[in-house]
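S.K.: Got a structure for you, written out below as structure tokens; questions coming shortly.
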Amino acid sequence: MTLIAEAEAETRTAPPRRSRRPLGDAGVYLAALVVAVALLWAVAPNLFTSADPLAVQPALRFRPPSADHWFGTDQLGRDLYTRVVYGARASLTGAGVAVALAVLVGAILGTVAGWFGGVTDSVIGRAIDVVLSIPGFLFAITIVVLLGFGVLQAAVAVGLTSSATFARLIRSEVLKARSSNYVEAAITSGASTFAILRRHVLPNSFTATLALITVQFGIAIIWIASLSFLGLGAQPPQPEWGLLVSDGRNYIASRGWLTLWPGLTVVAVVLATNHLSHHLGRRRTP
Amino acid sequence: MTLLTVDDLTVGYRGPNGLTPVVHQVSFEVEPGQVLALVGESGSGKTTTGHAVLGLLPANGQVIGGRIRFRDQELTELSAKGRRDLRGRAVSLIPQDPGVSLDPVRPVGAQVEDVLLLHTDLDRAARRERVHELFEQVGFTDVERRYRQYPHELSGGMRQRVLIAAAIAADPELIIADEPTSGLDATVQKQVLDLIDELRARSGTAVVLVTHDLGVAADRSDLIGVMQGGRLVEAGPTARVIGTPEHPYTRKLVESVPSRIDRRPAGRPSGDTVIEVRDLTKVFGRHTAVDHTSFEVRRGETFSIVGESGSGKSTTARILTGLTRATSGRVTVLGADVTALSRRGFRPLRRDVQIVHQNPYSSFDPRFDVFDVVEEPLRAFAPARWPWKRRAAHEDRVLAALEAAALPADFAERHPRELSGGQRQRVAIARALVLEPTVVVLDEPISALDVSVAAQILALLRRLQEDRGLTYVFISHDLAVVRAISDRVAVMSNGRIVEQGPVQDVFSNPQHEYTVQLLDAIAGRDLLVGAR
């Protein structure tokens, strides 16, 4: 009886109110700030530095970080800070293109699979499984090799690879919405399939997708930088974060700043996007 | 000696704004062997009162003032240990929801045995013997097998019997039954209530029956306490309270009971056939949900399909509205054979056939406000427009539909989550009416609502039918409601229509044994009809 009574009492207590964590909120603001600065670098790099990222000054080779050269200079005397700021454009555009492509392909495949079900779902579902079973980075390298080298090609490769993750998520969200009473009510209201997808199913899948978008954005930055590091993405002398790390690698023992600063930038931006994503995901689940 | 005395009881819940009282100065007495029914609508404080007596208030609940006396003990002054000793042995609870009140991973017999372990000195074998006895008392036949079964293997009614067995295991003097039958079918409800009655007659246990159903209270209690907004507004012997209610709220409740609502005049003229169903069958896997049913619905009438859960009535409604396709048979709606139609082919028909769901809130897109919800059918049949033009173009018709459902125009800007259950159902009705359809399928439209709200919705539905000449297909498990609203009725059981005909004939002269059973199970029938 006490067992029953306790179970009963438990179902009646109000859900605990989420405690406000000032530190957690501060973390979110900091993460948002980091991402905002990185985005501004990409959009308007000349606001942050007046130097030219490609200007070679042999006299200033290998200067360690100082007031004039915040991140130091590289083997050709180019200002590293300027190159990191300008590198944001290639890295972030690449990541943006990759995620946009992934969302687009994933939304189409996921919606079609989730909504129509049956054979369509089985075919798309198995294809997703196959893609997910291949190590993602290996798959991306394969695609880059097929497409040729460059930031855009790297972005397309990363985008296609991660579209499987989006397709799977959106498929499950569409399935959930499809069996919901409000979609049924829309059907009985006379709405066409297309209208139901556009008005009910996709908007209601968006919150979940947004959390994944932020995670994937961070992953895309790492992958594109990694492809560039391997020489498959951005080509010299274009500034790009992965390529900067790769360039600095030859001098890693004596001039560590050449790898340290671009590397830290990538880490900061990726951690920030992950933190934002975690925050969005937490807000979504009540 | 009075068994239970509740005196000036005030109970509150601690919230963000401090302690809010939800039960105000409630006083009543229960003598041994008596049944006191606490009646009220949701939020009236009846459950909180029952739980305060047991000392089972949630962690944020607190008795603020007053006394609860059980025999010669002050329950409000008792320690936690003293209460524990009393609970189960002297006072026990039959909880509201049998679905969540049993431990899913232990056999039900062991859970009943727990009570004996706590409150008796019986040894293992004797305890088991006693559980078998209790199971026999609550009407189980194969008691040894039942003992070993898990909750998921039992139906809702059977689980409720297990909980009753646990409640009576230690021969308590007082049972608090908190909505013991609210989720159960009418015939099962009758069995469970009969069982409680029988136990009371046998052992002289007093019962506090917390219920929202005045019919159940009228049938089963000696005393009735009517609660509203946390106050006991009227209390007295059952026959007196039902027969000559004094408080206006009690009068309203009594008048809201469906069997009290005026029945519609018999033999209203009916028009041509709008829905014709022939030999309809729907099979899900190996389960036949609808089995060769045939009926027809005529223009302007209310045709009710009544049955218990799993009888196939909702599946029939879904086939009529094109949400599910029939396995075989023919369904003709307004001259179109819908069994042959694809979802796209059904669309033109939706102008004329609309549905109101049981649970309105879940049938609204969580992102939509009331305007969007009601507008949706209009959008489906209007040419595509820019959003700013569209809203203006549809505004008049949306507001007219809201007005028809007796909702003020400013509700259009609100979100369904801000509305009460009755208001939400009115929004759903407005959505169904906005296209001015011919046929409206009502799938249990009032079963989730409080009685007085349900009565208002029924009145609204009737008025709309008279004004607009609507044809209703009314799906319900509640015979009292069906009698109040329908012209003709079909009784469904296990996918078959066992009986159909004009509502007077079916109710006054039922032919099928199952119909008789259903009619018998209507709570509060005799007293309420007799009191008219």
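No value in this document is a laboratory result; all are computed from the given coordinates. All values derive from a computational prediction rather than experimental measurement. All Cβ positions, glycine included, derive from the backbone under ideal geometry; neighbour counts span all protein chains shown.
S.K.: With +1 assigned to the C-beta of every Lys and Arg and -1 to the C-beta of every Asp and Glu, and no other charges, what is the dipole magnitude of segment A:25-183 about the Cα centre in debye, to the nearest 20? Show your work: numbers first, answer last.
M.R.: Values: 10 positive and 8 negative charges, 47 e Å.
Approximately 220 debye in magnitude.
S.K.: Go ahead and set up a Gaussian network model of chain A, Cα springs under 10 Å, then flag whichever of A:Ala154, A:Ala186, A:Ala225 fluctuates most.
M.R.: A:Ala186
S.K.: Okay, moving on. Report, by chain and number, residues whose modeled amide H sits under 5 Å from the one on A:Asp74, excluding near sequence neighbours (fewer than 5 apart, same chain).
M.R.: Hits under the 5 Å cutoff: A:Phe62, A:Leu80.
S.K.: Please list the non-local residues whose amide H lies under 5 Å from the amide H of B:Arg414, H modeled 1.01 Å from N, same-chain partners needing a gap of 5 or more.
M.R.: Those lying under 5 Å, H to H, from B:Arg414 are B:Val370, B:Phe371.
S.K.: HN-Hα J couplings of segment A:47-59 from phi, Karplus 6.51/-1.76/1.60, θ = phi - 60°, integer Hz, Gly and Pro as x?
M.R.: Along segment A:47-59, the couplings run 6, 9, 8, 9, 7, 9, x, 9, 5, 8, 10, x, 5 Hz.
S.K.: Can I ask one more? Hey, what does the equivalent ellipsoid look like for segment A:166-230, semi-axes from the Cα gyration tensor as sqrt of 5 times each eigenvalue, largest first, whole Å? Working shown, then result.
M.R.: On the way: eigenvalues 242, 19, 13 Å².
They are 35, 10, 8 Å, listed from largest to smallest.
S.K.: Apply the a/c threshold of 1.5 to the C-alpha gyration tensor of segment B:369-425 and tell me whether it is rounded, prolate or oblate.
M.R.: prolate
S.K.: On a 0 to 90° scale, report how tilted helix A:202-229 is relative to the longest principal axis of chain A, with both axes built from alpha carbons and the result rounded to the nearest 10.
M.R.: Compared with the principal axis, the helix lies near 30 degrees.
S.K.: Test of the criteria: in segment B:43-93, which trypsin sites (Lys or Arg not before Pro) are in a DSSP loop and have at most 10 other Cβ atoms within 10 angstrom of their Cβ?
M.R.: On the way: sites: B:Lys46, B:Arg67, B:Arg69, B:Arg71, B:Lys81, B:Arg83, B:Arg84, B:Arg87, B:Arg89; in loops: B:Arg71, B:Arg89.
In loop regions of segment B:43-93 (DSSP not H, G, I, E or B), there are no sparsely surrounded trypsin sites (Lys or Arg not before Pro).
S.K.: What are the ³J(HN,Hα) values, in whole Hz, obtained from phi via the Karplus relation 6.51 cos²θ - 1.76 cosθ + 1.60 with θ = phi - 60°, for each residue of segment B:190-196 in sequence order, with x given for Gly and Pro?
M.R.: 4, 4, 5, 5, 4, 4, 4
S.K.: Please quote Rg/Rh for segment B:187-252 to two decimal places, taking the Kirkwood radius as Rh and restricting both calculations to Cα atoms.
M.R.: On the way: Rg = 12.8 Å, Rh = 12.8 Å.
Expressed as Rg/Rh, it is 1.00.
S.K.: Which of the listed residues, B:Pro151, B:Ala428, B:Ala380, is farthest toward the dipole's positive end in the protein assembly as shown, when Lys, Arg count +1 and Asp, Glu count -1 at the beta-carbon?
M.R.: Working it through, the farthest residue towards the positive pole turns out to be B:Ala380.
S.K.: Right, another one. Based on DSSP, what percent of beta bridges with both residues in the protein assembly as shown are antiparallel, to the nearest 5?
M.R.: Details: 47 of 84 bridges.
The antiparallel proportion sits near 55 percent.
S.K.: Can I ask one more? From the convex hull of the Cα coordinates of chain A, what is the mean projected area in square nanometres?
M.R.: On the way: hull surface 87.7 nm².
With every direction weighted equally, the projected area is 21.9 nm².
S.K.: So, with +1 on the Cβ of K and R and -1 on the Cβ of D and E, and no other charges, what is the size of the charge dipole of chain B about its Cα centre, to the nearest 20 debye?
M.R.: Values: 66 positive and 69 negative charges, 349 e Å.
Here the size comes out at about 1680 debye.
S.K.: So what J values fall out for segment B:116-123 if you push phi through Karplus, 6.51 cos²θ - 1.76 cosθ + 1.60 with θ = phi - 60°, rounded to Hz, Gly and Pro as x?
M.R.: The phi angles translate into 5, 4, 6, 10, 10, 9, 4, 7 Hz.
S.K.: Let me ask you something else. Once Lys and Arg get +1 and Asp and Glu get -1 on their Cβ, which of B:Leu349, B:Leu56, A:Val123 lies farthest toward the positive end of the dipole of the protein assembly as shown?
M.R.: Final value for the positive-end residue is A:Val123.
S.K.: Can you give me the Kirkwood hydrodynamic radius for the protein assembly as shown, using every pair of distinct Cα atoms, in Å to one decimal?
M.R.: Mean inverse Cα-Cα distance, inverted, gives 31.6 Å.
S.K.: Of the candidates A:Gln235, A:Gln153, A:Gln216, which one comes out as most mobile in a Gaussian network treatment of chain A with C-alpha springs shorter than 10 Å?
M.R.: For chain A, modelled as a Gaussian network with Cα springs under 10 Å, the answer is A:Gln235.
S.K.: Grab the other residues whose beta carbon is less than 11 angstrom from that of B:Thr250, score K and R as +1, D and E as -1, and report the net.
M.R.: Details: positive: B:Arg240, B:Arg251, B:Lys252; negative: B:Glu234, B:Glu246, B:Glu255.
Net charge around B:Thr250: 0.
S.K.: Select from A:Asn204, A:Ala186, A:Val266 the residue farthest towards the positive end of the dipole of segment A:185-286; place +1 on Cβ of Lys and Arg, -1 on Cβ of Asp and Glu, and compute about the Cα centre.
M.R.: A:Ala186
S.K.: So what does log10 I(q)/I(0) come out to for chain B at q = 0.11, 0.12, 0.13 Å⁻¹, using the Debye formula with one equal point on every Cα and no solvent?
M.R.: With no solvent term, the Cα-only Debye profile gives -1.06, -1.20, -1.32.
S.K.: While we're looking at this one, here's another question. Below 11 angstrom from the Cβ of A:Ser205, what's the summed charge of the other residues (Lys, Arg +1; Asp, Glu -1)? It would help to have the intermediate numbers written out before the result.
M.R.: Working: positive: A:Arg171, A:Lys176, A:Arg178; negative: A:Glu173.
With Lys, Arg at +1 and Asp, Glu at -1, the neighbours total +2.
S.K.: Follow-up question, since we're still on this one. Going by how many other beta carbons lie within 10 Å of each one, how would you line up B:Tyr361, A:Tyr251, fewest first?
M.R.: Working: B:Tyr361 18, A:Tyr251 15.
Listed from fewest to most nearby Cβ atoms, that is A:Tyr251, B:Tyr361.
S.K.: Just for chain B, what percent of DSSP beta bridges are antiparallel, to the closest 5? Each step should come with its number before you reach the end.
M.R.: Numbers: 46 of 83 bridges.
Looking only at bridges with both residues in chain B, the antiparallel portion is about 55 percent.
S.K.: Across the Cα atoms of segment A:134-286, what radius of gyration and what greatest pairwise Cα-Cα distance (Dmax) are found, in Å?
M.R.: That works out to 20.2, 72 Å for Rg and Dmax.
S.K.: Do you know the relative contact order of chain B, to the nearest whole percent, from alpha carbon pairs under 8 angstrom that are 6+ apart?
M.R.: Values: 1020 pairs, mean separation 82.9, N = 532.
Dividing the mean separation by the residue count of chain B yields 16 percent.
S.K.: In debye, nearest 20: dipole of segment B:361-436 around its Cα centre with unit charges on the Cβ of K, R (+) and D, E (-)?
M.R.: The calculated dipole for segment B:361-436 is roughly 200 debye.
S.K.: Summing +1 for each Lys or Arg and -1 for each Asp or Glu, what net charge is found among the other residues whose Cβ lies under 11 Å from the Cβ of B:Pro383?
M.R.: Summing Lys and Arg as +1 and Asp and Glu as -1 gives +4.
S.K.: Remind me, relative contact order of segment B:135-262 in percent, using alpha carbon pairs under 8 angstrom and six or more residues apart? Please report the intermediate quantities before stating the final value.
M.R.: Numbers: 115 pairs, mean separation 20.7, N = 128.
Value for segment B:135-262: 16 percent.
S.K.: Can I ask one more? Could you please rank A:Ser91, A:Ser246, placing first whichever residue has the fewest other Cβ atoms within 10 Å of its Cβ? Mind dumping the intermediate values first?
M.R.: Working: A:Ser91 33, A:Ser246 21.
Going from sparsest to densest Cβ surroundings: A:Ser246, A:Ser91.
S.K.: Right, another one. For A:Val131, B:Val100, what ranking results if the residue with the fewest other Cβ atoms within 10 Å of its Cβ goes first?
M.R.: Values: A:Val131 18, B:Val100 15.
Neighbour counts put them in this order, fewest first: B:Val100, A:Val131.
S.K.: Also, quick follow-up: Rank A:Leu101, A:Leu244, A:Leu260 by mean-square fluctuation in a GNM of chain A with C-alpha springs under 10 angstrom and give only the top-ranked residue.
M.R.: Most flexible of the set in this elastic network: A:Leu260.
S.K.: Let me check against my output: what whole-number percent is the relative contact order of segment A:45-284, with C-alpha pairs under 8 Å and at least 6 apart? Spell out each step's value before the answer.
M.R.: Details: 371 pairs, mean separation 55.1, N = 240.
Reported as a whole number, the value is 23 percent.
S.K.: Right, here's the next one. Segment B:5-81 to segment B:361-379: how many Å between their Cα centroids?
M.R.: 41
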